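Presented below is the structure to which this report refers.
The values are calculated or read from the model by the stated rules, or taken from the named source; none is laboratory data. Keep in mind it's a predicted model, so treat the numbers as computed, not measured. For neighbour counting, all protein chains shown are included, and Cβ atoms are generated from backbone atoms with ideal geometry for every residue, glycine included.
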Ligand SMILES: [Zn+2]
């Protein structure tokens, strides 16, 4: 019969903390019948090994021909999705309106409607010949019915800001008409 040393506690090989033997998993081959690393350290090591294996698996998939193909396809679909484009436009517009105070926050935090609601709203107001293809080509702008210059606000929390960026103050407008509108406002302002 193998002789066993019977410690009541020992230091974990990994974290160095002295712990009661019960904190170590059983290991029949060991001198004291226990693992050298505590249960917690064993678990952490197992989890990080699992995470690493998962990362390797994902990376291998991304590098595979099929993975790359699906990635390109997803990118193409994203580019063709009106809501994605609307989001980009709104983000640019709000960055221009707020400057540094946008603070890298998503445009969605500054308005009280969803991208989907805005898409529907704009689509309902499309006039002759307007469609998402034209919007994607940059021929249609998201325009403020009452121009931004008419609203005075100092923070995005101001009621004037809310009114300026409310759904009802946004409409689709042909880019050429928008540019003409801008020129008219400048001439009058
Ligand atoms: Zn440990």
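Looking only at the stretch 109-132, which residues are surrounded by 12 or more Cβ atoms within 10 Å (Cβ to Cβ) and either farther than 16 Å from residue 168 by Cα or not assigned by TED's automatic domain parsing to the domain that holds residue 160 (or both)? Matches in the stretch 109-132: 130, 131, 132. Counting only helices (runs of 4 or more DSSP H) that sit wholly inside the stretch 27-119, those with at least 3 residues that are closer than 27 Å to residue 155 by Cβ and in contact (Cβ under 8 Å) with a residue 12 or more places away in the chain are 82-98. Checking the structure you have, find out if any residue of the stretch 149-164 is touching a strand residue (DSSP E or B) at 6+ places or on another chain (Cβ under 9 Å), more than 23 Å from residue 85 (Cα to Cα), free of Cβ contacts under 8 Å to residues at least 24 places away in the same chain and in the same structural domain as residue 113 (by TED's automatic domain parsing). Yes - at least one qualifying residue is present in the stretch 149-164. For the stretch 87-107, residues that are surrounded by fewer than 17 Cβ atoms within 10 Å (Cβ to Cβ) and in contact with a helix residue (DSSP H, G or I) (Cβ under 7 Å, 6 or more places away or on another chain) total 2. Taking the stated definitions as given, is residue 153 surrounded by 15 or more Cβ atoms within 10 Å (Cβ to Cβ), in a loop (DSSP other than H, G, I, E, B) and at pLDDT 95 or above? So residue 153 does not fit the description; no. One residue stands out in the stretch 8-18 among those that are in contact with a helix residue (DSSP H, G or I) (Cβ under 9 Å, 6 or more places away or on another chain) and assigned to a strand (DSSP E or B): the one that is farthest from the ligand (Cβ to nearest atom), namely 9.
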